[in-house]
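The values are calculated or read from the model by the stated rules, or taken from the named source; none is laboratory data. Small disclaimer: the values here were computed from a predicted structure and weren't measured. Ideal geometry is used to build each Cβ from the backbone, glycine not excepted, and the neighbour counts take in all protein chains shown.
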Amino acid sequence: MENYAILKFFAAYIEAQLGIVYVEANYYQLESRLKDIATQLGYSDIHALHLAALPGITGQMKSLLLDIATNNETSFFRDQAIFKALSEFIIPDLMKSGNKSVIQLWSAASSSGQEVYSIAMEVDQARRLNASIPRLQILASDVSDTILKRAESGIYSQLEVQRGLSARLMVQYFDKNEQDQWVVKRSLKDGISFQKLNLLHAWNSIGPFDIVFCRNVLIYQSVESKIKIIKEIWNHLSPGGYLILGAAESLFGLSQDFEQVVHGSAVFQRKKSS
Ligand SMILES: C[S@@+](CC[C@H](N)C(=O)[O-])C[C@H]1O[C@@H](n2cnc3c(N)ncnc32)[C@H](O)[C@@H]1O
């Protein structure tokens, strides 16, 4: 079989599994990543990998294929304005609307965890100033096993912590290990759980949530998948709950079930009642 047909086969598999569209202009990148997978799994080339995949893709091959397709770029306090909006506007607004003792938050594509620990740090800082702020219960999920394990470990290199984290927060919430890495303190992990979850599949066992962070993941999806995922998020949000997208993402043309809210330079969405 020609290389092109093999690349098309794996691109179709990735789209069906993740909703991520591999355009032909990026096939050269896919080919080099498939060559790496073939080597890792002990196949001579991508033709042998393809033959092994034909009866069905499972186990390590599946996990490696999903890993190469995902972009895990993230950093602490990425698009900082949204974290200020969380503590200054969103949480106080949720507190107004009921007697909440716990706020349920979902980080729906948490990558290596910087987003979820930034949320936990922001809210912990706010609670030190205002003890009436409810505790957060956070679900951190991602489709990639590898990246989810990294998130759960809470271990970061010097370069990673330098991206977005102030020296004050670093010292307050991290310890240094013997390998000179920064390790999230146990206390910051309280209330955070980690779960593998594909946004394209049913999420029967989770929610409802007061706040959903779904940042910088829809960007890679087809319009149909975006619409489907946003509708599901709406279904999983409590009345008046909030959806936070990435700074470059919007609901334009995708949903009318949310109203846009602006706080400072942050823009986010509040669930309209049905
Ligand atoms: C660019 S990162 C965004 C991380 C973080 N939300 C941020 O904005 O910094 C995108 C993440 O989405 C995950 N992802 C991609 N497709 C997914 C899917 N279908 N279901 C769940 N997670 C997915 C990837 O594994 C990756 O970790």
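Applying the set (1) farther than 30 Å from residue 205 by Cα; (2) at pLDDT 95 or above; (3) more than 18 Å from the chain's Cα centre (by Cα) to residue 131 leaves exactly one unmet item: (2).
Yes/no per residue for (1) part of a loop (DSSP other than H, G, I, E, B); (2) not basic (Lys, Arg):
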residue	(1), (2)
72	yes, yes
88	no, yes
103	no, yes
124	no, yes
127	no, no
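For the range 213-235, the set of residues classified as under 12 Å from residue 141 (Cβ atoms) and either more than 11 Å from the ligand (Cβ to nearest atom) or not β-branched (Val, Ile, Thr) (or both) consists of 213, 214, listed by residue number. Working only within the range 207-225, note down all residues that are farther than 19 Å from residue 78 by Cα and modelled with pLDDT of 95 or more. Listed by number, the residues that qualify are 208, 209, 210. So, residue 139, is that one in a strand (DSSP E or B) and within 16 Å of the ligand (Cβ to nearest atom) or not? Spelling it out, residue 139 is indeed in a strand (DSSP E or B) and within 16 Å of the ligand (Cβ to nearest atom). Screening residue 65 on (1) without any contact (Cβ under 8 Å) to a residue 60 or more places away in the chain; (2) in contact with a helix residue (DSSP H, G or I) (Cβ under 7 Å, 6 or more places away or on another chain); (3) within 21 Å of residue 153 (Cβ to Cβ) shows it passes everything except condition (3).
Given the condition at pLDDT 95 or above, closer than 18 Å to residue 161 by Cα, assigned by TED's automatic domain parsing to the domain that holds residue 168 and not aromatic (Phe, Trp, Tyr), answer yes or no: does some residue in the range 93-109 qualify? Within the range 93-109, none of the residues are at pLDDT 95 or above, closer than 18 Å to residue 161 by Cα, assigned by TED's automatic domain parsing to the domain that holds residue 168 and not aromatic (Phe, Trp, Tyr). Of all residues in the range 152-173, which are out of contact with any helix residue (DSSP H, G or I) (no Cβ under 7 Å at 6 or more places or on another chain) and hydrophobic (A, V, I, L, M, F, W, C)? Those that are out of contact with any helix residue (DSSP H, G or I) (no Cβ under 7 Å at 6 or more places or on another chain) and hydrophobic (A, V, I, L, M, F, W, C): 155, 159, 165, 167, 171. Within the set 59, 42, the sole residue that is more than 13 Å from the ligand (Cβ to nearest atom), over 22 Å from the mean Cα position of the chain (by Cα) and modelled with pLDDT under 95 turns out to be 59.
For the range 70-86, which positions are surrounded by fewer than 17 Cβ atoms within 10 Å (Cβ to Cβ) and under 11 Å from the mean Cα position of the chain (by Cα)? Those that are surrounded by fewer than 17 Cβ atoms within 10 Å (Cβ to Cβ) and under 11 Å from the mean Cα position of the chain (by Cα): 71, 72, 73. Here is the figure for the range 94-136: residues that are surrounded by 15 or more Cβ atoms within 10 Å (Cβ to Cβ) and either more than 16 Å from the ligand (Cβ to nearest atom) or without any contact (Cβ under 8 Å) to a residue 24 or more places away in the chain (or both) total 13. A single member of 31, 15, 24 is within 16 Å of residue 223 (Cα to Cα) and of a type in the set (Asp, Glu), and it is 15. Restricting the range 1-34 to residues that are touching a helix residue (DSSP H, G or I) at 6+ places or on another chain (Cβ under 6 Å) and β-branched (Val, Ile, Thr), the residue that is farthest from the ligand (Cβ to nearest atom) is 6.
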